[in-house]
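Let me begin by presenting the structure, written as structure tokens, before commenting on it.
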Number of protein chains: 2
Amino acid sequence: MPAYKAPLRDFDFVLNEVIQVQNVISTLPGYEEATQDVFASYLDAAAKFCENELAPINRAADEEGCSFNPADHSVTTPAGFKEAYQQYCELGFTGLDCDPAYGGQGMPKVLAFPMMEMQCSANVAWSMYPGLSHGAYAAIHAHGTDEQKATYLPKLVDGSWTGTMCLTEPHCGTDLGLLKTKAEPNGDGSYSITGTKIFISAGEHDMSDNIIHLVLARLPDSPKDVKGISLFIVPKFHADGSRNPVFCGALEHKMGIKANATAVINLDGAKGYLIGERDKGLACMFTMMNAARLGCGMQGLGLGEASFQGALSYARERLQMRALTGPKAPEKAADPIIVHPDVRRMLLTQKAYTEAGRAMTAWLALQLDIEEKSPDAEARSQAADLVALLTPVAKAFMTDNGYTAANMGMQVFGGHGFIREWGMEQLVRDCRISQIYEGTNGIQAIDLLGRKVLMDQGQKLRKFTKIVHKYCEANGGDSRLKDMAEAVSKLLKDVGDVTMHVGMQSMMNRDEAGAAATDYLRLIGHLTYGFFWLWISKTALDKLDAGTGEKAFYEAKLTTARFYFAKLFPEVHSLLVTLKAGAKPLMELDEAHFAF
Amino acid sequence: MPAYKAPLRDFDFVLNEVIQVQNVISTLPGYEEATQDVFASYLDAAAKFCENELAPINRAADEEGCSFNPADHSVTTPAGFKEAYQQYCELGFTGLDCDPAYGGQGMPKVLAFPMMEMQCSANVAWSMYPGLSHGAYAAIHAHGTDEQKATYLPKLVDGSWTGTMCLTEPHCGTDLGLLKTKAEPNGDGSYSITGTKIFISAGEHDMSDNIIHLVLARLPDSPKDVKGISLFIVPKFHADGSRNPVFCGALEHKMGIKANATAVINLDGAKGYLIGERDKGLACMFTMMNAARLGCGMQGLGLGEASFQGALSYARERLQMRALTGPKAPEKAADPIIVHPDVRRMLLTQKAYTEAGRAMTAWLALQLDIEEKSPDAEARSQAADLVALLTPVAKAFMTDNGYTAANMGMQVFGGHGFIREWGMEQLVRDCRISQIYEGTNGIQAIDLLGRKVLMDQGQKLRKFTKIVHKYCEANGGDSRLKDMAEAVSKLLKDVGDVTMHVGMQSMMNRDEAGAAATDYLRLIGHLTYGFFWLWISKTALDKLDAGTGEKAFYEAKLTTARFYFAKLFPEVHSLLVTLKAGAKPLMELDEAHFAF
């Protein structure tokens, strides 16, 4: 496994040259200090931290895993995790995009996302400890009382306390309406909470002084469905230092992210405090779901990047066979395998997916900032709609592509890819969960097509396609961009048609939307990546035309864009056919006749 | 993880109803005893063995793995492995398709392959111990002297000895021309062999009395390329019981198949015996490569089936959400997830790939039997060509689809799929290596397009496409088969065009073939599966028309065929586009500019 090297030049390209985030950030109140120079210094510091502290402990931590001591319900994280976290807190990164009123640095999300990508590349299991904390911070910041905020936020911001999200139970994950955890009023405004939660990431560990669990539970007289769920703050330790009976009962044995403590959490009359309105717990959770799902997408992105770096380095060094067109390194025993077209196909797939994903997340993170901070109500609403529409795409498309990329990186290594010491198979195992949690990718697809597109008759979709259409119109005249712009424009039209088609079909039979959803999400994914590759290409051409140097860098962007449109984007041809085949081929087989 | 249940009804369907293997087997001399009844009793016995002995020890063996004792170079296999192997030998399965002259049962390969599928489903890591032995048997049977055969074959056939294939070295896998292991003549007809081999499956273990290593090595005066490699028999123990210095130096730590001992084998002047002609070792190895690669494809098939069984059972039991079209199990807290279109999409994908793959391998195994036993030289040559053409397709297409299927099975389980105890993620890890070993799937693709198709101007391909064309012609008139036959006929034409196109292009630039190969293999894969789904459908319709009963079984075949043509086969639309995009998008990026 080669050393991880943060793609700082590409962050700079995406943030400052393609999307030019400063044009927007400088208009958002509260971000006056978030200048390009400040961004650069944060990114540099984070790069050093990820390269030097997180990446080197990633492999050993996978082998060591977390250990659970049933005697005192404690969990020990792998060697170096605690120390790295300590350093992370000292660098102020736990509070990067947090409210200065509680000690945060007040930086925009568009800076937080590239920093998250680096963590995911370097050590995704570690990244989840601060990641979950940030979710708890966001929930309390959005829905807590002033007293709750004053009690919990400063500690979550400085990192001395961490947080969790306790949603899933053994019999329900997707379908939270079924949840059984009970919250009974104690009479003093607090609640007594009893139940079992599973799959609680960072649920117990030795990295912080206290753990603040955010727990979904049901009040005795609440409806027995999703409308009867409330959200509670359940600290591991009370203010007086006494232990709350919220205990880790076991750690899961998993395929990957073994260094993250995935806990069974038993609440045995634990004292909790209602946050937000009663019975509105799910809504409270969902206010931070976009950021959480985008964060999950970053895992696919970061792991794809890590796998690309490993595979590229190996492909340049490993000598095997001669190029089909004759020796390229005649002085060596064989040519480096990067001369072989099929190896290049895998490397370029990794590269093309990763670089487009990086641009998409930067742009989406910027929309999150606009949604939160813009003084212009219309801009906020437009940004909110774009975020709502594209978050499921970012989550599912980036994690599916990340898994593909991680598998290709492993394939480039041949037999060595299967050997743990090389580190490539760990990336595959670590990536696999990102397609499942935070809502499976199948659920993301239904969310996109059902809730985000069909439910508002395509209004959100049109806000996005209008942007894409305008961009194609504005740049299709350049002969060097014509083919790309035409491909994207054609897909825009096809997306319009197929959306209409599926919408009509699903009015007659709602299974039609369910059957179309996964293909539809990939279609929108390619529309989005096609748009960003066009934008990246336009940016690169402008730089080349201006002769500002770095010719090879900008030309590589154009070459990668051409690869994307030649070899990956054409997936849309199959998707359009399978989409139109409808629900019948999925639904007509009787459940009893799947096997004999 | 539900108990594994061998798909005996489907084996019967494929062997006796679709391909009707008895019509052919009964014409092959030496197979007089291989009647349908005999097949059924072998399959029943193998099913019981796989269900009751192999499947139950699969999960624990993954956790336990193999252990290596450096003090005496010994390897201990997981609990139950040795006992299961003992029973397997007693059942006579080690000699199933082996020569009766050496104690074998003399059964055809078309019976051996379904038996192999069951082993792969139940316990793929275990299946490799007898699997590798069989390869050693085949090599010695094909190339050994009478004395060598008399010495080694009876023991390999009765299973008291096992075998290995020692090809790979640290610096060469695909490119065996680079191998460094030396063989120096001892003067008495034997050789002294020195070198290091890696990735030796079943390289050392405690299941047999002796291990017969087949080792590729180079004589001192031989050419320094693939034309200077010879094959040697290197027994662990000599006839007098003395230990030969061929030692296990370590076991690899792997992503999956952890219960198979993947050994580093150090040869330190080990005594070996030349087998076959000197400098023709690679050719000796390649005579058994078709069977080995088809065997590797069986791993994808068997693991896909195992994952399907697990996912189907879970999808019927797990309650989560209501069907989009309204409750299907109103008496329960939620509907079983098999009501959801996207869950069905995953189950049907597993099912459609597995059932077509089962038919393809039965048909190919029958060609292996014809190639070996037919008294008709033309039939032998035709069969040999079909095997040569379709073996890389079977290996790569079945393992890629098997990996897809295993991942889908895991996805059906949601978060539980990621937890080791459920057994679904093990299938993913165990399957992953099948895309890499026995020649990576990229190498299979080059073998197909370069060696098998372009090198003989498409002669082998035409032998296959003629069969498919005739079948479409003969059955396209049935209105119930018309759409399928037309889809396959259309693809036949497209394959012809694209083969010609790539052939012309690659005469000018050989990278064109390398760039097209992976897409081309998937195209031929769908041509093959399309043909088999048509054949399966025709068979099912005939049975339904005849009113012989089992209506649901035959109708499920038709439904699954329609799913395949509606949702999987359309991948060809994208493949035809990406194929025609050619090599330039892969080759134009300078090696130095992949990253900055």
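The values are calculated or read from the model by the stated rules, or taken from the named source; none is laboratory data. Note that this is a predicted model, so its numbers are computed, not measured. Cβ atoms come from the backbone with ideal geometry, glycine included; neighbour counts cover every protein chain shown. With ligands, DNA and RNA removed, areas are computed over all heavy atoms of the protein, side chains included. Shrake-Rupley method; radii C 1.70, N 1.55, O 1.52, S 1.80 Å.
The mean sequence distance of close C-alpha pairs (under 8 Å, at least 6 residues apart), as a share of the length of chain B, puts its relative contact order at 13 percent.
Using a simple spin-label model with pseudo-atoms 7 Å out from Cα toward Cβ, B:ALA250 and B:HIS593 lie 4.0 nm apart. Please compute the contact order of the range A:29-167 in relative form: average sequence separation of alpha-carbon pairs under 8 Å and at least six residues apart, divided by the residue count, as a percent. The value is 25 percent.
Remark on A:CYS166: its backbone amide H falls under 5 Å from those of A:LEU214, A:VAL215, A:LEU216, a criterion applied only to residues 5 or more positions apart or on other chains, H modelled at 1.01 Å from N.
Normalised size of chain B, defined as Cα radius of gyration per 2.2 N^0.38 Å with N residues, equals 0.97. As a fraction of the 1.4 Å probe accessible area of the range B:162-280, surface on carbon and sulfur atoms comes out at 52 percent.
Computed from the alpha carbon positions, the gyration tensor of the range B:288-439 leads to an equivalent ellipsoid with semi-axes of 38, 16, 10 Å, biggest first. Straight-line cross-link reach from A:LYS149 at under 24 Å between alpha-carbon atoms covers these lysines, not counting any fewer than eight positions away in the same chain: A:LYS109, A:LYS236, A:LYS271, A:LYS280, A:LYS373.
Our coupling estimate for the range A:261-271, obtained by passing each phi through the Karplus curve with A = 6.51, B = -1.76, C = 1.60 and θ = phi - 60°, is 7, 9, 9, 7, 10, 9, 9, 10, x, 5, 7 Hz, Gly and Pro reported as x. With the label put 7 angstrom out from Cα along the Cα-to-Cβ vector, A:GLN459 ends up 6.9 nm from the copy partners, going from closest to farthest. Look at the dipole of the protein assembly as shown built from charges on Cβ: of B:ALA474, A:ALA384, B:GLY417, the Cα furthest out on the positive end belongs to B:ALA474. Shielding by partners for peptide A:253-262, expressed as the average number of C-beta atoms from other protein chains within 10 Å of each residue's C-beta, is 3.
The Rg/Rh ratio of the range A:457-581, with both radii computed over alpha carbons and Rh defined as the Kirkwood radius, is 1.06.
Between the helical axis of A:289-317 and the dominant principal axis of chain A, each derived from Cα atoms, what acute angle in degrees is found, rounded to the nearest 10? Tilt relative to chain A: about 40 degrees.
Nearest 0.05, what FRET efficiency do B:ASP225 and A:ALA150 give at R0 = 60 Å with Cβ-Cβ as r? Mind showing how you got there, number by number?
Values: r = 76 Å, r/R0 = 1.26.
According to the calculation, E is roughly 0.20.
Using R0 = 45 Å, the C-beta based FRET efficiency linking A:LYS280 and B:PHE553 works out to 0.35.
Applying 1/(1 + (r/R0)^6) with r as the Cβ-Cβ distance of A:ASP478 and A:SER26 and R0 = 22 angstrom yields a FRET efficiency of 0.15. Dipole magnitude for the range B:288-439: computed about the Cα centre from +1 point charges on Lys and Arg Cβ and -1 point charges on Asp and Glu Cβ, it is near 660 debye.
Restricting the calculation to alpha carbons of the range A:163-279 gives Rg and Dmax of 13.8, 44 angstrom. Helix A:459-475 axis versus longest C-alpha principal axis of chain A: approximately 30°, rounded to the nearest ten. When only the Cβ of Lys, Arg, Asp and Glu is charged (+1, +1, -1, -1), the dipole of the range A:467-515 relative to its Cα centre reaches about 120 debye. Across the options B:LEU454, B:GLY95, B:ASN210, the greatest Cα extent toward the positive end of the charge dipole of chain B (unit charges at beta carbon of Lys, Arg, Asp, Glu) belongs to B:LEU454. In this assembly of identical copies, the label point of A:PRO327 (Cα plus 7 Å along Cα-to-Cβ) is separated from its counterparts by 7.6 nm, sorted shortest first. The charge dipole of the protein assembly as shown, taken about its Cα centre with unit charges on the Cβ of Lys, Arg, Asp and Glu (plus for the first two, minus for the last two), comes to roughly 1960 debye.
In the assembled protein chains, A:GLU184 presents an accessible area of approximately 90 Å² (probe radius 1.4 Å).
Across the options B:ALA516, A:ASN123, A:GLN435, the greatest Cα extent toward the positive end of the charge dipole of the protein assembly as shown (unit charges at beta carbon of Lys, Arg, Asp, Glu) belongs to B:ALA516.
Between this copy and the others, label points of B:ALA150 are 9.9 nm apart in ascending order, each placed 7 angstrom from Cα in the Cβ direction.
B:GLU486 contributes an accessible area of around 100 Å² to the protein surface, as traced by a 1.4 Å probe with all chains present. Taking Lys and Arg as +1 and Asp and Glu as -1, the other residues whose beta-carbon sits under 12 Å from that of B:CYS98 total 0. Only helical runs count toward this figure. For chain A, summing -39,500 (n - 2.57) over DSSP H runs of n ≥ 4 and dividing by all residues gives -17500 deg cm²/dmol at 222 nm. Spatially, the range A:280-295 and the range B:386-455 are offset by 37 Å when compared through their Cα centroids. Across the range B:418-489, the convex hull enclosing all Cα atoms gives 148 Å³ per residue. For B:ARG480, no residue 5 or more places off, or on another chain, has a built amide H under 5 Å of its own.
Across the range B:528-541, computed HN-Hα scalar couplings (Karplus, 6.51 cos²θ - 1.76 cosθ + 1.60, θ = phi - 60°) run 5, 5, x, 4, 5, 5, 5, 5, 4, 5, 4, 4, 5, 4 Hz from first to last residue, x flagging Gly and Pro. Accessible surface area normalised per residue over chain B is 35 Å², counting heavy atoms of protein chains with a 1.4 Å rolling probe. Whole-Hz Karplus values for the range B:115-121 come out as 5, 5, 4, 4, 4, 5, 5 Hz, taken residue by residue from phi with 6.51 cos²θ - 1.76 cosθ + 1.60 and θ = phi - 60°; glycine and proline positions read x. Among the listed pairs A:LYS466/B:LYS584; A:LYS197/A:LYS463; B:LYS5/B:LYS557, which are separated by more than 29 Å between their Cα atoms? Going by Cα-Cα distance, A:LYS466/B:LYS584; A:LYS197/A:LYS463 fall outside the 29 Å limit.
The listed residues B:THR539, B:THR27 rank as B:THR27, B:THR539 when sorted by accessible area, largest first, using a 1.4 Å probe.
Pairing the Cα long axis of helix B:81-90 with the longest principal axis of chain B, what angle in degrees results, from 0 to 90 and rounded to the nearest 10? Helix B:81-90 sits roughly 90 degrees off the main axis of chain B. Placing a pseudo-label 7 Å from each Cα along the Cα-to-Cβ vector at A:GLU83 and A:ASP542 gives an inter-label distance of 4.6 nm.
Note on A:GLU33 and B:ALA40: the model spin-label points, each 7 Å out from Cα along the C-beta direction, lie 8.3 nm apart.
Remark: the protein assembly as shown is approximated by an ellipsoid whose semi-axes, taken from the C-alpha gyration tensor as √(5λ), come to 50, 33, 32 Å, largest first.
Between beta-carbons, use under 15 Å as the cut-off and find the net charge around B:GLY439, counting Lys and Arg +1, Asp and Glu -1.
Here the charged neighbours net out to -1.
Taking amide H as placed 1.01 Å from N in the peptide plane, B:LEU96 has its amide H under 5 Å from the amide H of B:GLN105, each at least 5 places away in sequence or on another chain. Chain A packed on chain B takes about 8500 Å² of accessible surface away from a 1.4 Å probe, both sides summed.
The range A:186-228 and the range B:7-60 have their alpha-carbon centroids 55 Å apart. The alpha carbon centroids of the range A:143-165 and the range B:320-341 are separated by 39 Å.
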